[in-house]
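Structure record follows, encoded as C-alpha cells.
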Amino acid sequence: MSSKQHSILITGGAGFIGSHLVRLMVNKYPDYHIVNLDALTYAGNLENLKDIENAPNYTFVKADITDAEAMQELFALHQFDGVIHLAAESHVDRSISNPMSFIETNIVGTVVLLNAAKHHWGDFSGKRFYQVSTDEVYGSLGKTGLFTETTPYDPRSPYSASKASADHLVRAYYHTYGMPVVLSNCSNNYGPYQFPEKLLPLMINNIRHGKTLPVYGDGQYTRDWLWVVDHAEAIDLVYHKGGNGETYNIGGNNEWKNIDLVHQLCDVMDDLLGQSQGTSRALITFVKDRPGHDRRYAIDATKIKQELGWAPKVKAEEGLRQTAQWYLDNTSWLERVTSGEYKAYYEKQYQ
C-alpha cells in the first residue's frame, strides 16, 4: 500500500489497545491521516493520547459505531482506505450482567461499519477492513494444546459470543461481496493505560490502597499475556502485509496461571513500594467464580511469525515490572479514571 495520503479509520482508538495503536500509527506514518473514532464510554480516555492530540495527521471523532447515518457521513468525509476495528465492549463480567450492550456494539456496530465500507469503497481496490478480535472466541482449552487459526469457534460468554459473531460477519462480507478483510485473534493484553477493572491494574490499585486482591475460584485459570505495544506492532504488520481473508493469532508466549501472575505482581509491588516481601500476598482473597469461566487459553502464534516475521519482544516478568512502575508513576491518571473525573471533562468538550 502507498503511504501517500493513506487514510485509516481506527475505531475504539481512545481505549487501551486502541490508544497504543493510534500513537504508533500517527508517529510511524506522518503521511497517513489517522482518524480515531471513539464513543468515549467508560473505558475510552483521550488522556491516553495527549502526547499526539495536536499531530497534523491525526483527527479525533466522537461517535458511536452503531449510528449508521454518522458512519456513512464519516466515510464520505474522509474517504478511508482502511478500517482497523477495535471498538468493542470487552469486559466479560459486564457481558454477563448486561449482554444486550455487547450485542449492539460488537455485532450491530460491526455490521454498520461493514455496510459503510461496502457503500463507499466501490470495487474495493486498495482497501482493507481489519477486524481485531480475541482468543476467547475459541472457547476453553484443557491442560495441553494451543489455539491455532483453524481451531473451531466455541465461545462461552456473551462477550466472546458477540466477538465470534462479528468475526463471522466480517468473513461473510469477504466471501459474499469480495471485501478485502483480515482478522487477528489476540491473547490477554497488559501494559500502561488499561482501565482498572482489568486484572493487573485492579490488583496494582488495590495493593496501593491496602485493599483485598480478589482472585476467582481456585486461581488456576490460565491465560497467555501479551504486551500491548507488541500487539500494536503486530496489528500494524497485519494491516499492511497480511493476506486478504486471512486470520492471524497474536500471542505473547507468556502462559501464566492467574494465581501465579498475582503472586509475581505482589512481589514486584512489594519491591517497588519498599515493603516486606509477602505484604501484598497477604491481601489475596479467593472469591466465588464467575459463570462460564474458561479454564485455559493459549495461543499458537507460529503463522504470524512464519508468514509476517512478527514475534513478541517483551516477556511477562519484564512487562509486569514496567506495568507496575507505570501505574505507580501515574497515580493521578489512575485516580481520575477511577473517579470518572476525566470522563466528565471530555464529555463536556465533545458534546
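The values are calculated or read from the model by the stated rules, or taken from the named source; none is laboratory data. From a predicted model like this one, the values you see are computed outputs, not experimental measurements. Here the Cβ positions follow ideal geometry from the backbone for every residue, glycine too, while neighbour counts run over all protein chains shown.
Worth a mention:
- THR279 in contact with a Gly (Cβ under 7 Å, 6 or more places away or on another chain) and modelled with pLDDT of 95 or more: no
- Hits in the stretch 292-342 - residues which are over 30 Å from ASN244 (Cα atoms), acidic (Asp, Glu) and over 21 Å from the mean Cα position of the chain (by Cα): ASP329, GLU335, GLU341
- Conditions (1) within 17 Å of LEU202 (Cα to Cα); (2) surrounded by 13 or more Cβ atoms within 10 Å (Cβ to Cβ); number of the one not met by ASN254: (1)
- Of the criteria (1) of a type outside the set (Val, Ile, Thr); (2) at negative phi; (3) in contact (Cβ under 8 Å) with a residue 12 or more places away in the chain, which one GLN306 fails: (3)
- Within the stretch 76-92, the residues that satisfy the criterion of being of a type outside the set (Gly, Ala, Ser), surrounded by fewer than 21 Cβ atoms within 10 Å (Cβ to Cβ) and at pLDDT 95 or above are LEU77, HIS78, GLN79, ASP81.
- Of the listed requirements (1) surrounded by fewer than 18 Cβ atoms within 10 Å (Cβ to Cβ); (2) small (Gly, Ala, Ser); (3) modelled with pLDDT under 95; (4) touching a helix residue (DSSP H, G or I) at 6+ places or on another chain (Cβ under 9 Å), SER2 misses just one: (4).
- Odd one out for TYR32, checked against (1) surrounded by 19 or more Cβ atoms within 10 Å (Cβ to Cβ); (2) touching a Phe, Trp or Tyr at 6+ places or on another chain (Cβ under 7 Å); (3) at pLDDT 95 or above: (2)
- Residues within the stretch 298-330 that are charged (D, E, K, R) and closer than 16 Å to ASP224 by Cα, tallied: 5
- Selected residue (criterion: nearest to the chain's Cα centre (by Cα)) from residues of the stretch 93-126 that are among the polar types (S, T, N, Q) and surrounded by fewer than 19 Cβ atoms within 10 Å (Cβ to Cβ): SER101
- Per the conditions (1) aliphatic (A, V, I, L, M); (2) surrounded by fewer than 23 Cβ atoms within 10 Å (Cβ to Cβ); (3) not in a loop (DSSP other than H, G, I, E, B), the sole criterion not satisfied by ALA166 is (2).
Here is a yes/no grid of residues against (1) within 30 Å of ASP260 (Cα to Cα); (2) touching a helix residue (DSSP H, G or I) at 6+ places or on another chain (Cβ under 8 Å); (3) part of a helix (DSSP H, G or I):
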site	(1), (2), (3)
HIS175	no, no, yes
ASN189	yes, yes, no
PHE195	yes, yes, no
LEU200	yes, yes, yes
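- Being surrounded by fewer than 17 Cβ atoms within 10 Å (Cβ to Cβ) and in contact with a Phe, Trp or Tyr (Cβ under 8 Å, 6 or more places away or on another chain) is a property that LYS313 has.
- Of all residues in the stretch 40-55, those that are in contact with a strand residue (DSSP E or B) (Cβ under 9 Å, 6 or more places away or on another chain), surrounded by fewer than 20 Cβ atoms within 10 Å (Cβ to Cβ) and touching a residue at least 12 places away in the same chain (Cβ under 8 Å) total 2.
- For the stretch 230-342, the strands (runs of 3 or more DSSP E) that sit wholly inside it and include 2 or more residues that are in contact with a strand residue (DSSP E or B) (Cβ under 9 Å, 6 or more places away or on another chain) and closer than 30 Å to ILE34 by Cα are 247-250.
- Within the stretch 139-160, tally of residues that are in a helix (DSSP H, G or I) and modelled with pLDDT of 95 or more: 0
- Residue in the stretch 169-192 that is in contact with a Cys (Cβ under 8 Å, 6 or more places away or on another chain) and buried (at least 21 other Cβ atoms within 10 Å of the Cβ) present: no
- The stretch 80-113, subset assigned to a helix (DSSP H, G or I) and polar (S, T, N, Q), residue nearest to THR134 (Cα to Cα): ASN106
- From the options ASP267, ASP218, ASP224, residue that is touching a residue at least 40 places away in the same chain (Cβ under 8 Å), of a type in the set (Asp, Glu) and in contact with a Ser or Thr (Cβ under 8 Å, 6 or more places away or on another chain): ASP224
- Just one of the listed residues (GLY145, GLY126) is out of contact with any helix residue (DSSP H, G or I) (no Cβ under 8 Å at 6 or more places or on another chain) and within 30 Å of ALA76 (Cα to Cα), namely GLY126.
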